[in-house]
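K.L.:
Mind having a look at this structure? Questions to follow.
Every number in this text was worked out from the coordinates using simple rules, so none of it is lab data. In this text, all values refer to a predicted model and were calculated from it rather than measured experimentally. Cβ atoms come from the backbone with ideal geometry, glycine included; neighbour counts cover every protein chain shown.
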Amino acid sequence: MRTVRPQLVGLPDVLALESPASWVTRAALSQGATLREFTAFLGVGSRDVDQDWLRPGLGQRLSVCGLSKGAFAATQRVMAATQRLDPGGHRLLLWTKRGRPRYRVCPLCARSQRAPYFGIHCRYAAWCYCPEHHCLLEDACWSCRSQIELPWSLVRTDGLAGKCAYLSECFLCTRRFGDGPVIRLSEMGAMPSVFSLQLENGRALLAALYRNEAVLNGRSRPISAIRQVEALGLLRNSNSNPLADWWRQRCRE
Ligand SMILES: [Zn+2]
Ligand SMILES: [Zn+2]
């Protein structure tokens, strides 16, 4: 007889294009579980939940969480195409120096979200600006310069033991991402044309991954054609320096 695992209750809804790592971070808190306990229960590793989400057992994982099959459909498509193009996501995804998954944040999105979360696009090295707010994304907390790693335990320890954190604030210094300065594209004036192309190609990359096909010069091509764009240096990757830092440096000169 097939064993039916109990469904969890009280889990948060999956928000628009939310990354699995963001959702798991919020969901673990809702269950009063540690990240390690919760990811082990789901059958994914606790290191890179975004990529592990596609591991075998996905249907069971969704079912036990009471989620519909389509709850993560868009992020699954994007991540599956990523793994075809760049197995392990070493070039396309963002990582800390210690090899932990990291994210960028739009200060204005962080200010306006009622339920703070991170979309899967914020994990991509090529996705550098927010098309809704027309500003650059930030690679680190504006106050303490810590990078944003996910998944992350929202249960605070040290001096704030017993309190919980939010995805709208720095996990280390607790300053809100939305309180930081905003670099609006309209204030940047003319920038090197390669940067303008990289900004646009960042958006095009995510669309291509979702469709699992690239459109180059108006022609539909296999997703592997993205490598030509990469080879020309027209796509920012995990080794590219943060564009917001380049701009701040330029303002100081
Ligand atoms: Zn935004
Ligand atoms: Zn901070």
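K.L.:
Any residue in the stretch 171-181 that is of a type in the set (Phe, Trp, Tyr) and closer than 19 Å to Ser19 by Cβ?
P.N.:
Residues of the stretch 171-181 of a type in the set (Phe, Trp, Tyr): 171, 177.
Remaining after also requiring closer than 19 Å to Ser19 by Cβ: 171, 177.
Yes, some residue in the stretch 171-181 is of a type in the set (Phe, Trp, Tyr) and closer than 19 Å to Ser19 by Cβ.
K.L.:
Would you be able to tell me the number of residues in the stretch 70-109 that are in contact with a Lys or Arg (Cβ under 7 Å, 6 or more places away or on another chain), among the aromatic types (Phe, Trp, Tyr) and either at positive phi or more than 16 Å from ligand 2 (Cβ to nearest atom) (or both)?
P.N.:
1
K.L.:
Can you tell me which residue within the stretch 110-139, out of those that are assigned to a strand (DSSP E or B) and away from ligand 2 (no atom under 16 Å from the Cβ), is farthest from the chain's Cα centre (by Cα)?
P.N.:
Once the filter is applied, the top-ranked residue is Cys135.
K.L.:
Determine whether the stretch 127-142 contains at least one residue that is aromatic (Phe, Trp, Tyr), surrounded by fewer than 21 Cβ atoms within 10 Å (Cβ to Cβ) and within 16 Å of Phe177 (Cα to Cα).
P.N.:
Looking through the stretch 127-142, at least one residue is aromatic (Phe, Trp, Tyr), surrounded by fewer than 21 Cβ atoms within 10 Å (Cβ to Cβ) and within 16 Å of Phe177 (Cα to Cα).
K.L.:
Residue pairs, Cβ under 8 Å, 6 or more apart or interchain, first in the stretch 133-145 and away from ligand 1 (no atom under 16 Å from the Cβ), second of a type in the set (A, V, I, L, M). List them.
P.N.:
Correct list of pairs: Ala140/Ile148; Cys141/Ile148; Cys141/Leu172; Cys144/Leu172.
K.L.:
Test Pro107 against the criterion of being over 28 Å from Ile226 (Cα atoms), within 16 Å of ligand 1 (Cβ to nearest atom) and touching a residue at least 40 places away in the same chain (Cβ under 8 Å), and give yes or no.
P.N.:
Working: over 28 Å from Ile226 (Cα atoms): yes; within 16 Å of ligand 1 (Cβ to nearest atom): yes; touching a residue at least 40 places away in the same chain (Cβ under 8 Å): yes.
Criteria met by Pro107.
K.L.:
Also: When the residues of the stretch 82-104 are narrowed to those that are more than 13 Å from Gln147 (Cα to Cα) and of a type in the set (S, T, N, Q), which ends up farthest from ligand 1 (Cβ to nearest atom)?
P.N.:
Of everything passing the filter in the stretch 82-104, Gln83 is farthest from ligand 1 (Cβ to nearest atom).
K.L.:
Let me ask something else. Of everything in the stretch 80-109, what is of a type in the set (A, V, I, L, M, F, W, C) and part of a strand (DSSP E or B)? Give them in sequence order.
P.N.:
Listed by number, the residues that qualify are Leu93, Trp95, Val105.
K.L.:
Something else about it: For the stretch 214-241, what are the residues that are within 15 Å of Gly202 (Cβ to Cβ) and assigned to a strand (DSSP E or B)?
P.N.:
The answer is Ala214, Val215.
K.L.:
Also, I was wondering about something else. For Gly66, indicate whether it is more than 18 Å from Leu154 (Cα to Cα) and in contact (Cβ under 8 Å) with a residue 12 or more places away in the chain.
P.N.:
Considered against the rule, which asks whether it is more than 18 Å from Leu154 (Cα to Cα) and in contact (Cβ under 8 Å) with a residue 12 or more places away in the chain, Gly66 comes out as yes.
Per-residue answers, yes or no, for (1) surrounded by fewer than 18 Cβ atoms within 10 Å (Cβ to Cβ); (2) touching a strand residue (DSSP E or B) at 6+ places or on another chain (Cβ under 9 Å); (3) free of Cβ contacts under 8 Å to residues at least 24 places away in the same chain; (4) part of a loop (DSSP other than H, G, I, E, B):
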{"site": "Glu37", "(1), (2), (3), (4)": "yes, no, yes, no"}
{"site": "Ser46", "(1), (2), (3), (4)": "no, no, no, yes"}
{"site": "Arg55", "(1), (2), (3), (4)": "yes, no, yes, yes"}
{"site": "Arg77", "(1), (2), (3), (4)": "yes, no, no, no"}
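K.L.:
Another question, if that's okay. Within the stretch 167-212, count every residue that is in a strand (DSSP E or B) and either among the aliphatic types (A, V, I, L, M) or surrounded by fewer than 16 Cβ atoms within 10 Å (Cβ to Cβ) (or both).
P.N.:
Here is the first cut: in the stretch 167-212, the residues in a strand (DSSP E or B) are 169, 176, 184.
Subsequent filtering for residues that are either among the aliphatic types (A, V, I, L, M) or surrounded by fewer than 16 Cβ atoms within 10 Å (Cβ to Cβ) (or both) retains 184.
Residues meeting the conditions: 1.
K.L.:
Moving on to the next point. Name the one entry in Glu149, Glu169, Glu187 that is within 16 Å of ligand 2 (Cβ to nearest atom) and farther than 24 Å from Met79 by Cβ.
P.N.:
None of the others qualify; the one that does is Glu169.
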